[in-house]
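A short worksheet on the structure shown next.
The values are calculated or read from the model by the stated rules, or taken from the named source; none is laboratory data. Please read all numbers here as calculations on a predicted model, not as lab measurements. Here the Cβ is made from the backbone with ideal geometry for all residues, glycine too, and neighbour counts use every protein chain on show. For the accessible areas, the whole protein counts, side chains as well, though only heavy atoms, and no ligand, DNA or RNA atoms are used. Shrake-Rupley method; radii C 1.70, N 1.55, O 1.52, S 1.80 Å.
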Amino acid sequence: MMMTLGEIRDWLKTQVNCPQWYIGKIDGSKEQCIGLYNVTSPAPVIALGGLENTSYTTKAISILVHWGKNADTAERKAQEVYAALFGQTGIIGDHQVIQFDMRTSEPVNVGTDDNNIYEYVIETVIYYER
């Protein structure tokens with residue numbers, strides 16, 4: 001079974017305090033929320049000897065931290081989310097995480113939305129045991 005956004009959200013809830021969590025789309029009217037999205041993953045790897053000999057697979061995600069009208073507070077929350085992933089391992093759903101392969105060196109500020117809420121994006125590829 002493949003890892004799902006719902007499983008990742010449920011795991012992140014144990015790592016980061018946030019009043020509203022979403023997958024696929026956020027409710028932009030909320031001042032503080034985090035959304036998770038699927039993004040294009042690397043090509044799948046199959047070990048020599050076939051799928052039964054392949055020990056890991058990947059899940060690529062993008063996390064949107066939509067966090068209030070104070071730039072410093074928003075950046076700090078985004079850094080908290082980033083730190084919950086960077087260099088960490090864990091169990092997400094029934095899957096042992098091998099590594100979070102961060103796509104950038106820190107959360108990326110994408111400005112504010114139409115309601116002047118600050119937003120940051122964090123992208124990672126999760127390597128996990130099959």
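From the list ALA71, ALA47, the lone residue that is modelled with pLDDT under 95 and open to solvent by less than 80 Å² (accessible area, probe 1.4 Å) is ALA47. Are any of the residues in segment 94-102 of a type in the set (Asp, Glu) and under 16 Å from the mean Cα position of the chain (by Cα)? For segment 94-102, residues of a type in the set (Asp, Glu) and under 16 Å from the mean Cα position of the chain (by Cα): present. Can you name every residue in segment 52-78 that is farther than 15 Å from ILE117 by Cβ and part of a strand (DSSP E or B)? Those that are farther than 15 Å from ILE117 by Cβ and part of a strand (DSSP E or B): TYR56, THR57, THR58, LYS59, ALA60, ILE61, SER62, ILE63.
The residue pairs whose first member lies in segment 71-98 and is of a type in the set (Ser, Thr, Tyr), whose second member is outside any loop (DSSP other than H, G, I, E, B), and whose beta carbons are closer than 6 Å, counting only pairs six or more residues apart or on different chains, are TYR82/ILE122; THR89/VAL97. Taken together, the residues in segment 27-51 that are touching a strand residue (DSSP E or B) at 6+ places or on another chain (Cβ under 7 Å), under 24 Å from GLY90 (Cβ atoms) and either of a type in the set (Gly, Ala, Ser) or assigned to a loop (DSSP other than H, G, I, E, B) (or both) amount to 6. Of the residues in segment 99-119, none is touching a Cys at 6+ places or on another chain (Cβ under 8 Å) and outside any loop (DSSP other than H, G, I, E, B).
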